[in-house]
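Quick notes on the structure that follows.
The values are calculated or read from the model by the stated rules, or taken from the named source; none is laboratory data. If you're wondering where the values come from, they're calculated on a predicted model, not measured in any experiment. Backbone-built Cβ (ideal geometry, glycine too); neighbour counts: all protein chains shown.
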């Protein structure tokens, strides 16, 4: 296989020639996401700005594994502190699934973990992430409504919803 770099920034894009066809391949970072529930069977979501859509989204807290010294659980614990001011130990995060969300053009993997916390452990005060506007707790029925009406389109959040439904967790 022959390939050459087409773009070299925080992400990289390669042109890969296979036979007579040229493919654009995104070299992306692996990522982490969290299914955080509370004692009321609500799911933690963050409202944040996404430059790719130039709009606000509601989604489960997540982040990119762009610190070489961190494993997935350590990265997620840091992201939860930044996005939701939630102090959680990496060993308290239970892995539930990993998948490749953009397999057609990227080899990056999303690692999803879960944990249950008390609702009062999460506050928006002193959140370190400048893109997160609001912390939202949402029940499964409301989450389902937001997804079915297209107000939530984020794949990792939809995956978590189906995980909850399949395992009758909430």
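Observations on the model:
- Filter result (part of a helix (DSSP H, G or I), surrounded by fewer than 17 Cβ atoms within 10 Å (Cβ to Cβ) and in contact (Cβ under 8 Å) with a residue 24 or more places away in the chain) within the range 147-164: 155, 163
- Among the residues making up the range 46-75, those that are touching a helix residue (DSSP H, G or I) at 6+ places or on another chain (Cβ under 7 Å) and closer than 15 Å to residue 156 by Cα are 46, 58, 59, 60, 61, 62, 63.
Here is a yes/no grid of residues against (1) touching a residue at least 60 places away in the same chain (Cβ under 8 Å); (2) under 30 Å from residue 136 (Cα atoms); (3) in contact with a strand residue (DSSP E or B) (Cβ under 6 Å, 6 or more places away or on another chain); (4) not in a strand (DSSP E or B):
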{"site": "17", "(1), (2), (3), (4)": "no, no, yes, no"}
{"site": "26", "(1), (2), (3), (4)": "yes, no, yes, no"}
{"site": "29", "(1), (2), (3), (4)": "yes, yes, yes, yes"}
{"site": "34", "(1), (2), (3), (4)": "yes, yes, yes, no"}
{"site": "40", "(1), (2), (3), (4)": "yes, yes, no, yes"}
{"site": "47", "(1), (2), (3), (4)": "yes, yes, yes, no"}
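- The condition (being within 20 Å of residue 155 (Cβ to Cβ) and touching a residue at least 12 places away in the same chain (Cβ under 8 Å)) is satisfied by just one residue among 83, 91: 83.
Condition check ((1) at pLDDT 90 or above; (2) surrounded by 17 or more Cβ atoms within 10 Å (Cβ to Cβ); (3) more than 17 Å from residue 108 (Cβ to Cβ)) across all residues:
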residue	(1), (2), (3)
12	no, no, no
23	yes, no, no
35	yes, yes, yes
58	yes, yes, yes
69	yes, no, yes
73	yes, yes, yes
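- Test for residue 2: is it over 24 Å from residue 111 (Cβ atoms) and modelled with pLDDT under 90: yes
- Given (1) closer than 20 Å to residue 147 by Cβ; (2) without any contact (Cβ under 8 Å) to a residue 12 or more places away in the chain; (3) part of a strand (DSSP E or B), index of the condition residue 22 fails: (1)
- So residue 121, is it modelled with pLDDT under 95 and exposed (fewer than 13 other Cβ atoms within 10 Å of the Cβ): no
- Any chance residue 99 is exposed (fewer than 14 other Cβ atoms within 10 Å of the Cβ), touching a residue at least 40 places away in the same chain (Cβ under 8 Å) and within 14 Å of the chain's Cα centre (by Cα): yes
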